[in-house]
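**Q** One structure follows; several queries about it will come next.
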Amino acid sequence: MATKYHVRSNSFPSESHPSSTRIEQELTKIKTWEATSTSVSITTGLSYLEDLYISLEDLLRIASTQKTISHHQGEKLVEELLDGSVKILDICVGSASKSKAAKWLKVAKMMHKKVVCEEKFENSNELQCVEASLSALLREGSNVSKMQDAHEKIEALENAIEMIENGLESVFRRLVKTRVSLLNIMTQS
C-alpha cells in the first residue's frame, strides 16, 4: 500500500505577487519594442524603461522582498544587482555630461525613427533630413524656401533630441531611486 505525502513549501507563494507580474509585463513590452522598434522608438523605449523601474520600486517596497534581499546580502546575485545599478548610472552620467555636438552624434547613432523629409529621402531619420536640406542649400544655392525647410528640419531634430534627453533624465531619476531603495534595504538589516 503506497502512502501519499502532500509536501508544501512555505517559502514560495503559489501565485506571483501583482508587482512581480507587472515587472514581467513591462519586460515583455520592452522585448517586443526592441524587436519591432518603429516611429518614436527611443522615447517609447525610455518610457517603457521608466515603467519597469516604477514597477521595480513597487516590488522593493514589499516587506517580503526587503526581507529576502537583506537575508541574501553579500551573496553574488545581490552584489551583481548593486554593481549593475552603478554601471548603468555611470553610463547615464557619462552620456549626460557630453557636449551638444557629441549628443547629436550619439542620437544620430541611436535613432531608428523614420520620417519623410523629401520624396527621395523617405526612409530617413531627422539627422539625415537636416543633412539633406543643408546639402541641397549648398548644391542649389540658398533661397528663402530652402532655408526655411532646413530651419524646420533642424528644429525637428532639436525637438527629437530634447525628447530623448527628457526621457533619459526620467529614467536616470528612477535608477537613482531604485538604487537608494536597494541600499536602504541593505543598511536596515
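**Q** Once phi is turned into θ = phi - 60°, what whole-Hz ³J(HN,Hα) does the Karplus curve with 6.51, -1.76 and 1.60 give for every residue of the stretch 168-177, x standing for Gly and Pro?
**A** Running phi through 6.51 cos²θ - 1.76 cosθ + 1.60 with θ = phi - 60° gives 4, 4, 5, 5, 4, 4, 5, 4, 4, 4 Hz.
**Q** Describe numerically, in nm with one decimal, the distance between label points set 7 Å from Cα along Cα→Cβ at L81 and at E140.
**A** 5.9 nm
**Q** Using the Cβ atoms and a cut-off under 13 Å, what net charge is assigned to the surroundings of L81, where Lys and Arg are +1 and Asp and Glu are -1?
**A** -1
**Q** Still on this structure, please answer the following. Output the peptides 22-32, 83-93, 168-178 sorted from most to least packed, where packing is the average of other Cβ atoms within 10 Å over each peptide's residues.
**A** Highest to lowest by the protection proxy: 168-178, 22-32, 83-93.
Every read-out reported here was derived from the displayed coordinates using simple, explicitly stated rules and does not represent laboratory data. Please read all numbers here as calculations on a predicted model, not as lab measurements. For neighbour counting, all protein chains shown are included, and Cβ atoms are generated from backbone atoms with ideal geometry for every residue, glycine included.
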